[in-house]
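The values are calculated or read from the model by the stated rules, or taken from the named source; none is laboratory data. All values derive from a computational prediction rather than experimental measurement. We place every Cβ from the backbone using ideal geometry, glycine too, and count neighbours over all the protein chains shown.
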Amino acid sequence: MLFPTVDFAIFFAIAFTVNWLLNPHPVAWKLATIALSYFFYSWWDWRFVLLLATSTALAHGGALGIAAARSDRLRKLALGLSCLGLLGLLGYFKYYGFFAVNVDNSLDHLGLHHLIPLVQPTLPVAISFFTFMALSYVIDVYRRQIEVARPIDLAVYLSFFPHLIAGPIVRGGELLPQIRRRRDAEHIDFARAIWMIMGGLFKKVVVSSYLATSIVQPVFGAPNQHSGLEAIFAAWGYAVQIYCDFSGYTDIAIGLALLLGFRFPINFNAPYTARNLQDFWRRWHITLSRWLRDYLYIPLGGNRGSRWFTARNIMITMVLGGLWHGANWTFIIWGALHGAAQVVGHLRRENRIARGLPPVADGPGRVWWQRFWTFQYVCLGWVFFNASSFSNAMSVLGRVFASWGPSPLVTPLLLITIAFFVAVQFVPADAVTRMEGVFSRQSAAAQVSALGLALLVITTLGPTGVAPFIYYKF
């Protein structure tokens, strides 16, 4: 069930009504929320519900085992078995086909044919997201950062439909306390929720869809038929497309949660204003960045060793972060590109410290130079992220140097759209907050009128039908 559809509008109207009618009755509310969330998830395929329930059971069983263990060895065993089960499900459904094909091809060169069954399981929607949430819950219980949740609370936490399909990756310590307490309808920030939902819908339905059909899909679908200028704008266009698509989903999810009385963490903070790749990952998909830092990078050793030890940890984290996005070499290359840039930045900083040199003085010119080249490097990575294969990515990049002929796809509207949605990220956060405040102070009639006008604009400018959000497939 996609957010920008009539089906979801009807579903959410029912969920909103049930949510507040049952709010005074915690158990009934939780059971209804689980049922609604499972129905929402089953819209794609009812069998996926069994996987979500299994992941919930594995997480709860692991947490119980950790809490009941009488020694550190048993606690580690319970943690390991639970994580192994969760990662085993993720690995089978998402990565088995990829690794089986690659191993089989390698064995084939040695004269060993078809030793591994080549099976491609159906990839369940959102398996990466709820698996990472389940893992963080079990690990946080092991670290004694949170208490073992009641089964019904854990089921709500993992299945809650606003975040279920594409995040944010909300941790147990952030969401479970909200699930346990009763929400107050009088303190719901309806104005901000509507603001977030309308903004998210516009970014997804209008901007992301326009860029996809006008430049990104044509160029990536047939690179050799397009000029070098079109290839460059396809990379820039995809950078804006995926930002509008994913941040649009996040805005809608945050807005929906607000209407139900919940607060989610922010997931984007003007990522294309970043001055380096480390800064980029503090701004892009923030909840995934925090997850990788706290549950992978730091347990690997973080920056507690030599500079090369730290560089290794950065590369492992970013390559696995790339693999998290999909079972394809293009995602691994994308992660490696981001890891390599961060390693270079880390080594340069360490080298200056070792030589006793002060930090390089900042000035406007240097700041904008760093932002410009960081954006270009990020766009280079997006080429591999969006490409169907390594050869497809190289074909797109090759056009930059092969042909600079007519470029009919590079239109004034395309230029304005890309430039505007990069430039808007440089608007100060307090200015956006003030605009939200102005909207929230309007009368209910004015807000409803603005909502109706926004929906009219989105419906008029948007395409017929709505493509799934890009991050649905992860």
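ARG144 meets the stated requirement of being on the phi > 0 side of the Ramachandran plot and either at pLDDT 95 or above or surrounded by fewer than 19 Cβ atoms within 10 Å (Cβ to Cβ) (or both).
If the condition is being within 20 Å of PHE469 (Cα to Cα) and either surrounded by fewer than 22 Cβ atoms within 10 Å (Cβ to Cβ) or free of Cβ contacts under 8 Å to residues at least 60 places away in the same chain (or both), then the stretch 255-270 contributes PRO265, ILE266, PHE268, ASN269, ALA270.
SER388 meets the stated requirement of being hydroxyl-bearing (Ser, Thr, Tyr), within 21 Å of MET318 (Cα to Cα) and assigned to a loop (DSSP other than H, G, I, E, B). I'd like to check something: does the stretch 93-105 contain any residue that is modelled with pLDDT of 95 or more and within 27 Å of the chain's Cα centre (by Cα)? No, there is no match, as no residue in the stretch 93-105 is modelled with pLDDT of 95 or more and within 27 Å of the chain's Cα centre (by Cα). In the stretch 400-440, the residue that is modelled with the lowest pLDDT out of those that are assigned to a loop (DSSP other than H, G, I, E, B), polar (S, T, N, Q) and buried (at least 16 other Cβ atoms within 10 Å of the Cβ) is SER403.
Residue check: is PRO364 under 27 Å from GLN425 (Cα atoms), in contact with a helix residue (DSSP H, G or I) (Cβ under 9 Å, 6 or more places away or on another chain), surrounded by fewer than 14 Cβ atoms within 10 Å (Cβ to Cβ) and not charged (D, E, K, R)? No: the conditions fail for PRO364. Restricting attention to the stretch 21-31, the residues being surrounded by 15 or more Cβ atoms within 10 Å (Cβ to Cβ) and farther than 16 Å from ARG150 by Cα number 2.
Kindly evaluate ASP294 against the criterion of being acidic (Asp, Glu), touching a Ser or Thr at 6+ places or on another chain (Cβ under 9 Å) and within 24 Å of PHE161 (Cβ to Cβ). Considered against the rule, which asks whether it is acidic (Asp, Glu), touching a Ser or Thr at 6+ places or on another chain (Cβ under 9 Å) and within 24 Å of PHE161 (Cβ to Cβ), ASP294 comes out as no. Just one of (1) touching a Leu at 6+ places or on another chain (Cβ under 9 Å); (2) more than 15 Å from PHE160 (Cβ to Cβ); (3) not assigned by TED's automatic domain parsing to the domain that holds LEU77 fails for ILE10. It is (1).
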